């Protein structure tokens, strides 16, 4: 094998950015990817449109044992750097959709991947597909990477190795625990992992209630004692999904409850008072149908007095309606697992990684980036921004 400045395991967002940036610096790397195509998760992100960054990115948008770890990477590679990179090398113009989410004007995720593939080709980087890395060992100053490709085994040597092979979601896209296992092999601590940005399931006596509302969506505020989000929520035949639920899932733990404001743009006590000023002749059901689907209103009737006229409501009734709408309690049974999760929470602990270079503090020449680390962003392009930033930081170091 020819000599490489580094071997990068994984042609996802972090690995591709690292390889492209290394090429721009005059370095030569080998990228090993187990899939038949690079950028598998990039290609399916945002429904194939790729929400490639978020204009509002800050460390507050990430879950980690130590979010301040991100300062060093984001000071080297900002959102503006991401925007300029794709404009300069791919003529990709970003279009903001909602909440700072930036998509390519073409709405094609493949345009993002093509930027990296073209840059790597132009700078002489090597992308080896259908290559499964089986193990990595270090002897003296060299790493030996065992690879299975085209039915044969090969050993590739380098003084630097970058683990950018992602986390546990999604198995059909080649996800594995390789980076986590290798980190442990070299003595690194791994923060407990779990599916994140994932739909939540409801079982037991409430399951039929949620299933009957399958397909109903509404703008809501979801919260617990840790965080609050205002986005769309979707009822499904197995529980809850939609952006608001995916967001809160990163802050939810098994056995916990969270709360939903089904009508965050209004207050039911104010609506009831206003109806009373006009005589209160309408029923609770009629008032609720001003804001919710008929199916949802009927479902709420299992615990609200829908047939009562507003004028007839007691103080207790009015309070029940207000509290039920603005503090709807949800206790999920679990989540839909890694195959339905956008990302993984937990990962390689950041306290054993150099925040500026992403190099291991325990093993010189070993680097970690992207989803394999204990850095989990919100839904909306934040995880891509972290992948680009960590990939860039590693490239500067190697």
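State which residue is nearest to residue 383 (Cα to Cα) when the search covers only segment 90-105 and only residues that are out of contact with any strand residue (DSSP E or B) (no Cβ under 8 Å at 6 or more places or on another chain) and surrounded by fewer than 16 Cβ atoms within 10 Å (Cβ to Cβ).
The initial filter retains those residues of segment 90-105 that are out of contact with any strand residue (DSSP E or B) (no Cβ under 8 Å at 6 or more places or on another chain), namely 90-91, 98.
Remaining after also requiring surrounded by fewer than 16 Cβ atoms within 10 Å (Cβ to Cβ): 91, 98.
Details: 91: 22, 98: 16 Å.
Of everything passing the filter in segment 90-105, 98 is nearest to residue 383 (Cα to Cα).
For segment 189-219, which residues satisfy the criterion of being crowded, with 18+ Cβ neighbours inside 10 Å and without any contact (Cβ under 8 Å) to a residue 40 or more places away in the chain? Passing the criteria: only 210. Looking across segment 41-70, just one residue is at pLDDT 95 or above, assigned to a helix (DSSP H, G or I), over 19 Å from residue 346 (Cα atoms) and within 13 Å of the chain's Cα centre (by Cα), and that is 42.
For segment 223-256, residues that are outside any helix (DSSP H, G or I) and under 21 Å from residue 192 (Cβ atoms) total 11. Please tell me if residue 59 is out of contact with any strand residue (DSSP E or B) (no Cβ under 7 Å at 6 or more places or on another chain), within 27 Å of residue 243 (Cβ to Cβ) and assigned by TED's automatic domain parsing to the domain that holds residue 171. Yes, satisfied. Residues satisfying the criterion are present in segment 259-268 (criterion: in contact with a helix residue (DSSP H, G or I) (Cβ under 9 Å, 6 or more places away or on another chain), in a helix (DSSP H, G or I), at pLDDT 95 or above and not assigned by TED's automatic domain parsing to the domain that holds residue 375). Being touching a helix residue (DSSP H, G or I) at 6+ places or on another chain (Cβ under 9 Å) and buried (at least 24 other Cβ atoms within 10 Å of the Cβ) is the filter; apply it to segment 236-251 and report the residue that is farthest from residue 64 (Cα to Cα). By that ranking, first place goes to 239.
Tell me yes or no: at least one residue of segment 167-182 is surrounded by 20 or more Cβ atoms within 10 Å (Cβ to Cβ), in contact (Cβ under 8 Å) with a residue 12 or more places away in the chain and part of a strand (DSSP E or B). Taking every residue of segment 167-182 in turn, none turns out to be surrounded by 20 or more Cβ atoms within 10 Å (Cβ to Cβ), in contact (Cβ under 8 Å) with a residue 12 or more places away in the chain and part of a strand (DSSP E or B). Annotation for segment 77-85: at least one member residue is surrounded by 18 or more Cβ atoms within 10 Å (Cβ to Cβ) and over 21 Å from the mean Cα position of the chain (by Cα).
The values are calculated or read from the model by the stated rules, or taken from the named source; none is laboratory data. Since this is a predicted model, take the numbers as computed values, not measurements. Cβ atoms come from the backbone with ideal geometry, glycine included; neighbour counts cover every protein chain shown.
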